[in-house]
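**Student:** This structure is in structure tokens; I'll ask about it shortly.
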Amino acid sequence: MEEKYVERASAHLDSITRLDFGFYPTPIEELPRLRASLSANAPRIFIKRDDYTGAGFGGNKVRKLEYVLARAAADGAQAAITIGGERSNHARATAMLCARLGLRCILVLNAQSGAPKSATRLIDEMAGAEIHLVGSRDERRTRAQAIADELQGRGVRAAQIPLGASTPLGALGYVRAARELALQIDRLNLRPDCIFLASSSGGTQAGLLAGCRIFGMEDVQIIGVSPDDPASSIAASISTIIGGIPEMLGLPSDLFDGEARVVDDYIGPGYGLDSVASKEALALVARCEGVLLDPVYTAKAMAALIDWARKGRFGRDDTVLFWHTGGQLAMFTAPL
């Protein structure tokens with residue numbers, strides 16, 4: 001990309017109001033023992049530790065919420081409403097950041113009937129979030145809208161935050177993360193051939209695609225691994241989100257043409273349900289490298305990376321970066 005566009009994008013990125021609640025840069029570590037366990041021709045494997053972003057056990061949602069909640073606060077919101085599953089990393093991060101802002105937090109969560117309370121939901125409650133449970137994912141938006149309408153009728157200004165804070169504004173958190181990555185790999189004399197990450201609501205992958213294009217990593221393949229929805233659905237969401245980024249950064253509107261790469265071969269039995277491959281990935285990475293993934297998102301993304309390495313889809317001279325998006329709290333239930 002032309003230097004004038006890089007400078008313009010960087011200046012715009014720094015001028016947009018955001019919270020400063022995360023801990024950056026998150027570290028990059030090599031995983032040599034994992035590589036050795038896979039095959040003689042496995043690529044070098046590195047991991048970007050966005051499970052270390054802070055603010056309520058960290059994760060990728062912190063970077064996005066720093067922009068979205070800053071906008072809500074600037075607009076005079078008195079409450080923030082968002083949706084997710086009972087073990088939602090996004091809901092937990094929203095609750096924790098709202099607590100720091102002194103902002104009322106309302107979460108509409110779908111929970112499995114009869115299942116024990118998750119540790120994530122316990123943290124939501126400890127942070128002061130008001131929780132409304134519904135029976136299915138399809139009910140969440142309707143209930144959230146009804147709550148917003150009721151608050152509006154009482155004169156309460158409420159910001160509705162979409163699932164995962166996956167909007168063009170939220171995706172700026174990962175444009176910024178790509179700039180962070182560019183500086184890190186330059187210092188490490190490292191050049192990844194591809195980046196693997198869990199991709200669901202699309203904002204993280206959209207931001208990385210845009211950021212890599214802007215900050216000199218346009219040749220890096222970014223491969224999103226779905227934990228739930230069809231690849232075509234996630235790719236469409238990414239396309240919509242990324243389409244709103246150029247205007248905010250003062251860039252040409254057609255800058256990010258092209259389709260996002262998403263794979264949906266590793267979902268297993270369904271969202272939040274372990275597969276044989278995801279359980280193996282979780283155990284293998286912990287045993288080889290002392291790194292804990294999460295069972296909902298990152299274990300399935302790592303299962304994809306491991307499968308590709310074993311099938312020889314990388315060269316031995318390739319370098320793969322795994323983006324750890326957090327979520328380990330999903331391993332645990334709340335104490336009785």
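**Student:** Restricting to DSSP H runs of at least four residues, report the calculated mean residue ellipticity at 222 nm for the chain, -39500 (n - 2.57) per run over all residues, nearest 500 deg cm²/dmol.
**Tutor:** -13500 deg cm²/dmol
**Student:** Moving on to the next point. What's the center-to-center distance, using Cα atoms, between segment 262-336 and segment 204-253 in Å?
**Tutor:** 21
**Student:** Near Leu34, within a Cβ-to-Cβ distance under 15 Å, what is the net charge of the other residues, with Lys and Arg +1 and Asp and Glu -1? It would help to have the intermediate numbers written out before the result.
**Tutor:** On the way: positive: Arg33, Arg35, Arg44, Lys48, Arg49, Arg287, Arg310, Arg316; negative: Glu29, Glu30, Glu280, Glu289, Asp307, Asp318.
Net charge around Leu34: +2.
**Student:** Determine the shape class of the chain: with a ≥ b ≥ c the square roots of the Cα gyration tensor eigenvalues, call it rounded for a/c under 1.5, and otherwise prolate if a/b is greater than b/c, oblate otherwise. Before the final figure, lay out each step's value.
**Tutor:** On the way: a/c = 1.83, a/b = 1.21, b/c = 1.51.
Here the chain falls in the oblate category.
**Student:** Tell me, which cysteines of the chain are without a disulfide-compatible partner by the Cβ under 4.7 Å rule?
**Tutor:** Lone cysteines by the Cβ rule: Cys194, Cys212, Cys288.
**Student:** How would you rank Ser15, Ser239, Ser118, going from fewest to most other Cβ atoms within 10 Å of each one's own Cβ? Mind showing how you got there, number by number?
**Tutor:** On the way: Ser15 10, Ser239 17, Ser118 23.
Starting with the residue having the fewest Cβ neighbours, the order is Ser15, Ser239, Ser118.
Taken together, the values in this text are just the output of simple stated rules run on the coordinates, not laboratory data. On a predicted model such as this, the values are computed, not experimentally measured, just so you know. Positions of Cβ are generated from backbone atoms using ideal geometry, with glycine treated the same way; all protein chains shown enter the neighbour counts.
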